[in-house]
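Written below as structure tokens is the structure these notes are about.
The values are calculated or read from the model by the stated rules, or taken from the named source; none is laboratory data. Keep in mind the model is a prediction, meaning the values are calculated, not measured. Virtual Cβ from ideal backbone geometry, glycine too; neighbours counted across all protein chains shown. These accessible areas exclude ligands, DNA and RNA; they are computed on the full protein's heavy atoms, side chains included. Shrake-Rupley method; radii C 1.70, N 1.55, O 1.52, S 1.80 Å.
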Amino acid sequence: MKLLRVGPRGREKPGILDADGIIRDVSDLVDDWDGLALDDAVLKQIQAIDLFSLPRLDPNARIGPCVADVGKFICIGLNYVDHAVETGAEVPSEPVLFFKATSAICGPNDLLEIPRRSEKTDWEVELGVVIGKTAKYISEVEALEHVAGYCVVHDVSERGFQLEGTGQWVKGKSADTFGPIGPWLVTRDEVDDPQKLSMWLDVNGEAMQRGSTSTMIFSVAHLVSYVSQFMSLQPGDIISTGTPPGVGLSMSPSKYLRAGDTVSLGIEGLGQQTQRCVDAL
């Protein structure tokens, strides 16, 4: 199933895409696509319903973030060999964890705000893993059973804030609108193998990133298991699993986003996003 949320910011309705690509209203079945609704039992009940009997939602309505009330937005750094190499970093021997503020989350086609004082706002297409069942000290073998589904994440980064000065990466990762997610949450039964998905990102129509989840250093199953050794994962939490090569930081000369630019990105089977860049007020 392809789950999505549509409507004005803060007033989105939960929807589902039917076989004809029509958005159906499921607000009589679930309050929202939050952690409670992502339980396997709830999803199976909805899967058994005749979607064509449900009311339609406005196809022109804004698409919001595909998950509501995200508790943790966990990111994995340097998880593609060729991306680690292009940044001059050593290939990590274990996953590199950091957080994005959940206030960075926005819809997949919302405006992307370039922060005040920013000179180095960069792009990163990533596979998002959405947790559906509490995971604590779980093995890699059972890890995917705890996943509700997958989505496109744009892990926008301000490299100066991230890498220059003191502190952790979170400063360069957490500006408002730096975490577009969606358009859909695709349930795990529709993704045969999360390690075989092509991904891409263009800026102003020019190809920047081309990659595949097959070149991840640490697989989705490994990441879910690994993170669960240090903290419990709760339904609705998101793990953003790293980016392939082609980020602006690594170009010669480096290339960054400016107001007026348009970024488009997508992952095979998970949909695509488009954001127009504007200066933050």
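Computed values, structure above
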item: Residue within the stretch 137-151 that is open to solvent by 60 Å² or more (accessible area, probe 1.4 Å), free of Cβ contacts under 8 Å to residues at least 60 places away in the same chain, among the hydroxyl-bearing types (Ser, Thr, Tyr) and more than 15 Å from GLU124 (Cα to Cα) present; result: no
item: The stretch 73-94 residues that are farther than 20 Å from MET208 by Cα, paired with ones that are open to solvent by 70 Å² or more (accessible area, probe 1.4 Å) and part of a strand (DSSP E or B) (beta carbon under 7 Å, 6 or more apart); result: PHE73/PHE99; ILE74/PHE99; CYS75/PHE99
item: Test: residue in the stretch 10-22 that is under 25 Å from ASP176 (Cα atoms), of a type in the set (Gly, Ala, Ser) and free of Cβ contacts under 8 Å to residues at least 12 places away in the same chain; result: yes
item: Leading residue by the ranking (farthest from SER254 (Cα to Cα)) among those in the stretch 199-212 that are surrounded by 15 or more Cβ atoms within 10 Å (Cβ to Cβ) and in contact with a Gly (Cβ under 9 Å, 6 or more places away or on another chain); result: MET199
item: Subset of the stretch 121-177 [more than 22 Å from GLY107 (Cβ to Cβ), assigned to a helix (DSSP H, G or I) and among the basic types (Lys, Arg)]; result: ARG159, LYS171
item: Sole exception among (1) among the polar types (S, T, N, Q); (2) open to solvent by less than 40 Å² (accessible area, probe 1.4 Å); (3) farther than 27 Å from THR243 by Cα for GLN45, by number; result: (2)
item: Single residue of the stretch 77-111 satisfying the filter (outside any loop (DSSP other than H, G, I, E, B) and touching a Leu at 6+ places or on another chain (Cβ under 7 Å)) that is modelled with the highest pLDDT; result: VAL96
item: Residue within the stretch 214-222 that is in contact with an Asp or Glu (Cβ under 6 Å, 6 or more places away or on another chain) and modelled with pLDDT under 95 present; result: no
item: Filter result for the condition that a residue is surrounded by fewer than 24 Cβ atoms within 10 Å (Cβ to Cβ) and over 14 Å from ILE239 (Cβ atoms), over THR121, THR166; result: THR166
item: Residue under evaluation ASP189, criteria (1) open to solvent by 10 Å² or more (accessible area, probe 1.4 Å); (2) under 30 Å from THR121 (Cα atoms); (3) outside any strand (DSSP E or B), criterion not met; result: (2)
item: Of the criteria (1) closer than 30 Å to LEU17 by Cβ; (2) hydrophobic (A, V, I, L, M, F, W, C); (3) open to solvent by 20 Å² or more (accessible area, probe 1.4 Å); (4) in a helix (DSSP H, G or I), which one LEU223 fails; result: (3)
item: LYS196, sole failed condition from (1) more than 20 Å from CYS106 (Cβ to Cβ); (2) open to solvent by less than 40 Å² (accessible area, probe 1.4 Å); (3) in contact with a Ser or Thr (Cβ under 8 Å, 6 or more places away or on another chain); (4) not in a strand (DSSP E or B); result: (2)
